[in-house]
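First comes the structure, then the notes that go with it.
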Amino acid sequence: MKALVWHGKEDIRCDSVTDPEIQDPRDAIIKVTSCAICGSDLHLFHNFIPGMLPGDIMGHETMGEVVEVGSGVDGKLKKGDRIVVPFTIICGECDQCKRGNFSVCETTNRKRHLAEKVFGHSCAGLFGYTHLTGGYPGGQAEYLRVPYADATHIKVPAGIPDEQLLFLSDIFPTGWQAAVQCDIEPTDTVAIWGCGPVGQMAIRSAILLGANQVIAIDCLPERLSMAEAGGATTINFETESVVERLNELTDGKGPEKCIDCAGMEAHVMASQPDTLLDRAKQMVMLESDRPHVLREMIYVCRPGGIISVAGVYSGFSDKMPMGAFMNKGLTMRTGQTHVNRWTDDLLRRIEQGEIDPSFVITHTVPLSQGPEMYQVFRDKRDSCVKVVLKP
Amino acid sequence: MFHFSNIVRTKGDPKILEGGPSLKRPEDQLARALGWFSIGLGAVEFLAPRRITATLGMEGHETLVRAFGVREILAGIMSLSVDKNAGLWARVGGDGLDAAALLSGLTSDNPKKSNIALALLMVGGIAMLDYRAAQDTRPRRPPREARRKLYPNRSGFPKGLENARSGAKQIAAHPMPERS
């Protein structure tokens, strides 16, 4: 089969690889009908997250049709079923899964010893996202083996196009959880840093959860226009002061809720010297993340407010303003998304026409063009916001 | 490398049969080579400045050579990173500083001036490569002033934004009872 394979920094190729096989009775194999490039795939493209090896298949936003099931799938899936594959691999049986904390499933990371060394404890296995999270082959391929398939799936009905359903795998529940974690109240202002695909979903989620005002922060006109279409007031951080504008829009009080949808690769610019320092330190491996957005959120958030982190961070961040964080009594909530906790509700909202997540797709191309699209997406060429690949 | 990485793969996971075309262009390979060269040269300058100054007949300038070594190492690291273009331009600037320093030693009373001439020739050659690589690896990001597509009609709410807002307000007015 064809698959997008990581060969090194900025080197992803469309290779011919062997087809996946059932390895465990709880496995299923799907024929991929649609998959997407995620913003967090770019961290791997840049080799900022350790643990990728040449030959690893990329991708964790995937859906398709079941073509083979193991004997232990126990009737929960059958050939021909149409499923979206959550990016978190879950067993459905461990203590964390029973609590709904699916992204920290205690069972599915088959290389948990690596994660335990780095993070203290292991988190769930993820598709196509380094050997720290199990080294599972990803879904930017023609076929995908789904481990623990009896639990790791979202069954979706026929009649709704892939494009509306695919993002149940990651970005829609990620944006949704980011907003839910904010405990949004009808009087709240929610400020969202980063208007990439997850940011766009977080904006819509905050609107659906009843925020009084949503403010979106980015520097790319196409993304800001999409954010505005979704109901946000926008701030272009290249032409305006984020702190001044946020204070202006909240009568000097600051937003009650702040969401980070930018993560570890915050924009670097001369007018924000901390971003230059972070980039320099990241380059010489003195710091793994560039936490400018976290610093800014802590600074502007209203005392007593909530900071929700949906953007990916990989390791160590310097110069965190813990004094402001502590003295303002802020709460920070984070985490990879517990996809299956939210997908029943989100699928219902899609079916009822409350939301159509396909609005974010700007490019749809064959899988073979995937490597070039990584560059287009990274460079923000052709006003690219979200790429869907068709195997 | 694949042989090594296959060791950590589970039997049954897909393995490469035939590789596809690489995204790496010749200029990326050149940038990489120059990056490693820069780190190597920088390490020599930092660790053995006396040998260099003695070879060039420029004794007494060891601190300057050491500082140039640090500069070379940093430019090399940058040339190997995703910001390689900045690293390569830093190298081009560094080549200018190298040439200026060498020219200052090219005096009639320097018995090693032929070595300096040779070093200048080498700096010139490397500078040409650095400049070429810096030109060819310019980021392909569209300029800020470039005309971009805008997406003002992509609300994502099939029933409209106001409907989404009012639906949320209704839920807020009639909250779900708390679970007992």
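The values are calculated or read from the model by the stated rules, or taken from the named source; none is laboratory data. All values reported here derive from a predicted model rather than from experimental measurement. Neighbour counts are summed over all protein chains in view; Cβ atoms, including those assigned to glycine, are modelled from backbone coordinates with ideal geometry. Ligands, DNA and RNA are stripped out before the accessible areas are found, and what is left, the full protein with its side chains, is counted by its heavy atoms. Shrake-Rupley method; radii C 1.70, N 1.55, O 1.52, S 1.80 Å.
Annotations
- Search result, residues across the stretch A:335-391 that are more than 19 Å from the chain's Cα centre (by Cα), more than 8 Å from chain B (Cβ to nearest Cβ) and basic (Lys, Arg): A:348, A:349, A:390
- The stretch B:54-68 - residue that is among the charged types (D, E, K, R) and within 31 Å of the chain's Cα centre (by Cα) and, of those, nearest to residue B:111 (Cα to Cα): B:62
- Candidates A:356, A:344, filtered to the one that is at pLDDT 95 or above, within 30 Å of residue B:162 (Cβ to Cβ), out of contact with any Asp or Glu (no Cβ under 9 Å at 6 or more places or on another chain) and acidic (Asp, Glu): A:344
- Screening the candidates B:118, B:64, B:23 for the property of being hydrophobic (A, V, I, L, M, F, W, C) and closer than 30 Å to residue A:139 by Cβ yields one hit, B:23.
- Comparison of A:110, A:99, A:82, A:13 shows that the only residue that is within 14 Å of chain B (Cβ to nearest Cβ), surrounded by fewer than 24 Cβ atoms within 10 Å (Cβ to Cβ) and more than 25 Å from residue B:29 (Cβ to Cβ) is A:110.
- Test: residue in the stretch B:145-157 that is in a loop (DSSP other than H, G, I, E, B), without any contact (Cβ under 8 Å) to a residue 40 or more places away in the chain, hydrophobic (A, V, I, L, M, F, W, C) and open to solvent by less than 50 Å² (accessible area, probe 1.4 Å): yes
- Enumeration of residues in the stretch A:245-272 that are of a type in the set (Asp, Glu), farther than 21 Å from residue A:211 by Cα and surrounded by fewer than 17 Cβ atoms within 10 Å (Cβ to Cβ): none
- Test for residue A:355: is it in a helix (DSSP H, G or I) and β-branched (Val, Ile, Thr): no
- Scanning the stretch B:3-26 for residues that are among the aromatic types (Phe, Trp, Tyr) and within 27 Å of residue B:130 (Cβ to Cβ) turns up nothing.
- Screening residue A:323 on (1) assigned to a helix (DSSP H, G or I); (2) surrounded by 15 or more Cβ atoms within 10 Å (Cβ to Cβ) shows it passes everything except condition (2).
- Matching option when the condition is open to solvent by less than 30 Å² (accessible area, probe 1.4 Å) and either under 17 Å from residue A:343 (Cβ atoms) or within 14 Å of another protein chain (Cβ to nearest Cβ) (or both), among A:64, A:92: A:64
- Residues located in the stretch A:223-261, provided they are more than 14 Å from chain B (Cβ to nearest Cβ), within 21 Å of residue A:306 (Cα to Cα) and without any contact (Cβ under 8 Å) to a residue 40 or more places away in the chain: A:235, A:244, A:245, A:248, A:251, A:252
- Scan of the stretch A:209-220 for residues that are over 11 Å from residue A:230 (Cα atoms) and buried (at least 24 other Cβ atoms within 10 Å of the Cβ), ordered by number: A:211, A:217, A:218
- Residue count for the stretch A:112-134 under the criterion of being part of a loop (DSSP other than H, G, I, E, B) and closer than 26 Å to residue A:64 by Cα: the result is 6.
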